[in-house]
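Some notes on the structure that comes next.
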Amino acid sequence: MGENKLSAVSVASIAFGLILLSIILGVVLRSWLPEADLGGDSKDVIRLATALIGTMSAVVLALLFASTRTSYETTNASVSHLTARLVELDHVLKEYGPEGEALRSTLRQDVVAMIDSIWREDANLPTPTAPDVVVLHKVRQLAPANPQQASLQASGLAAGTDVEKIRLTLLAQPPDSISKPFVTVLVLWLCFIFATFSMSAKANTTLIVVLFVCAFSASSAIYLILELGQPFDGLMQIPNTGLRHALPPLSGT
């Protein structure tokens, strides 16, 4: 896709600005509309409509936060599992003997390439073509000289296959899992809610401060949801330091 992707901070800032504008609009409408339009049966209908939209917004925010948080934790667990399997594969190669030792440097090169392909710094760039796990192909080509090496080769193939599966699963994740139309509708709902709030009473310092804090809180919730939807980007991205430093440096390198 050739369109530029807004960051979570930008989207939350835009949402905050729109909500503030809706508050100002509500204050202006309060002064323009006759008192009869804001009292009696009209006031009851406005309260019911606001309660309906508010309930839907709260439910949607809660479900969306729970969904993105679950997805984030699942991805984080996959990265931890990937790290563990890489460490296991490194130990297997070390125990295999001289032929396995020669593959340990290849494994470290694979890890660097893996990190670069999963943690894409520029999300606007197209998804890179994922390089194969080279060490897995070389483990398949090993010729065991005894039953112990045959067992170690089988363990290495199992670990390498798991690494490949997890890597491809992580690469298949979209950089942003939150639908833009969905966020747009949610922001419009919030704008309607805050506009009706500011229309319900005459503007004063207390009212403006309370609405400002509530608007900031709602925008912060949107920011958190968007950040959780981007596990490999943004301020809340899953760190790659554990994976990058999981394998100790080889002696003589």
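The residues in segment 169-199 that are over 28 Å from the mean Cα position of the chain (by Cα) and aliphatic (A, V, I, L, M) can be counted, and the count is 2. For segment 107-117, the count of residues that are of a type in the set (Asp, Glu) and within 18 Å of residue 240 (Cα to Cα) is nonzero.
Within segment 200-209, is even one residue in contact (Cβ under 8 Å) with a residue 12 or more places away in the chain, over 17 Å from the mean Cα position of the chain (by Cα), over 30 Å from residue 89 (Cβ atoms) and surrounded by 16 or more Cβ atoms within 10 Å (Cβ to Cβ)? Within segment 200-209, one or more residues are in contact (Cβ under 8 Å) with a residue 12 or more places away in the chain, over 17 Å from the mean Cα position of the chain (by Cα), over 30 Å from residue 89 (Cβ atoms) and surrounded by 16 or more Cβ atoms within 10 Å (Cβ to Cβ). Pairing residues of segment 21-39 that are more than 13 Å from residue 208 (Cα to Cα) with residues that are in a helix (DSSP H, G or I) and modelled with pLDDT of 80 or more, at Cβ distances under 6 Å and at least 6 apart in sequence or on separate chains, gives 29/199; 30/199. Residue under question is residue 169, and the condition is that it be of a type in the set (Val, Ile, Thr), at pLDDT 90 or above and loosely packed, with under 14 Cβ neighbours inside 10 Å; does it hold? The answer is yes for residue 169.
Looking for something farther than 30 Å from residue 21 by Cβ and within 18 Å of the chain's Cα centre (by Cα) - is there at least one such residue anywhere in segment 147-160? No.
In this structure, does residue 55 turn out to be surrounded by fewer than 17 Cβ atoms within 10 Å (Cβ to Cβ), within 22 Å of the chain's Cα centre (by Cα) and part of a helix (DSSP H, G or I)? Criteria not met by residue 55.
Confirm whether residue 235 is outside any loop (DSSP other than H, G, I, E, B) and surrounded by fewer than 17 Cβ atoms within 10 Å (Cβ to Cβ). Spell out how you get there, then give the answer.
Details: outside any loop (DSSP other than H, G, I, E, B): no; surrounded by fewer than 17 Cβ atoms within 10 Å (Cβ to Cβ): yes.
It is false that residue 235 is outside any loop (DSSP other than H, G, I, E, B) and surrounded by fewer than 17 Cβ atoms within 10 Å (Cβ to Cβ).
Before we move on, is residue 183 surrounded by fewer than 16 Cβ atoms within 10 Å (Cβ to Cβ), β-branched (Val, Ile, Thr) and part of a helix (DSSP H, G or I)?
The answer is no for residue 183.
Of all residues in segment 85-120, those that are among the small types (Gly, Ala, Ser) and either more than 30 Å from residue 174 (Cβ to Cβ) or crowded, with 20+ Cβ neighbours inside 10 Å (or both) total 4.
Pull up segment 86-108, narrow it to residues that are hydroxyl-bearing (Ser, Thr, Tyr) and within 37 Å of the chain's Cα centre (by Cα), then point me to the one that is nearest to residue 138 (Cα to Cα). Please lay out each step first, then the result.
In the first step, residues of segment 86-108 are kept if they are hydroxyl-bearing (Ser, Thr, Tyr); the result is 96, 105-106.
If we keep only those that are within 37 Å of the chain's Cα centre (by Cα) too, we end up with 105-106.
Working: 105: 12, 106: 9 Å.
Checked segment 86-108; the qualifying residue nearest to residue 138 (Cα to Cα) is 106.
Between a residue in segment 224-253 that is at pLDDT below 85 and any residue that is of a type in the set (Lys, Arg) and not in a loop (DSSP other than H, G, I, E, B), which pairs come within a Cβ distance under 8 Å, given they are 6 or more apart or on different chains? Every condition considered, the pairs that remain are 250/104; 250/108. For residue 129, work out the one condition from (1) part of a helix (DSSP H, G or I); (2) surrounded by fewer than 13 Cβ atoms within 10 Å (Cβ to Cβ); (3) at pLDDT below 90 it doesn't fulfil. Unmet for residue 129, out of (1) part of a helix (DSSP H, G or I); (2) surrounded by fewer than 13 Cβ atoms within 10 Å (Cβ to Cβ); (3) at pLDDT below 90: (1).
Restricting attention to segment 149-176, and to residues there that are in contact with a Phe, Trp or Tyr (Cβ under 9 Å, 6 or more places away or on another chain) and part of a helix (DSSP H, G or I), which single residue is farthest from residue 85 (Cα to Cα)?
Of segment 149-176, the ones in contact with a Phe, Trp or Tyr (Cβ under 9 Å, 6 or more places away or on another chain) are 149, 152-153, 156, 170, 173, 175.
Those still in the list that are part of a helix (DSSP H, G or I) too: 149, 152-153, 156, 170.
Working: 149: 19, 152: 14, 153: 14, 156: 9, 170: 15 Å.
Taking the candidates together, the pick is 149.
Checking the structure you have, find out if any residue of segment 56-70 is free of Cβ contacts under 8 Å to residues at least 24 places away in the same chain and either in contact with a strand residue (DSSP E or B) (Cβ under 9 Å, 6 or more places away or on another chain) or farther than 30 Å from residue 240 by Cα (or both).
Start the filter on segment 56-70 by keeping residues that are free of Cβ contacts under 8 Å to residues at least 24 places away in the same chain, which leaves 58-59, 62-63, 66-67, 70.
Those still in the list that are either in contact with a strand residue (DSSP E or B) (Cβ under 9 Å, 6 or more places away or on another chain) or farther than 30 Å from residue 240 by Cα (or both) too: 58-59.
Yes, segment 56-70 has at least one match.
The values are calculated or read from the model by the stated rules, or taken from the named source; none is laboratory data. Computed from a predicted model, the values in this text were never measured in an experiment. Here Cβ is always computed from backbone atoms with ideal geometry, including for glycine, and neighbour counts include all displayed protein chains.
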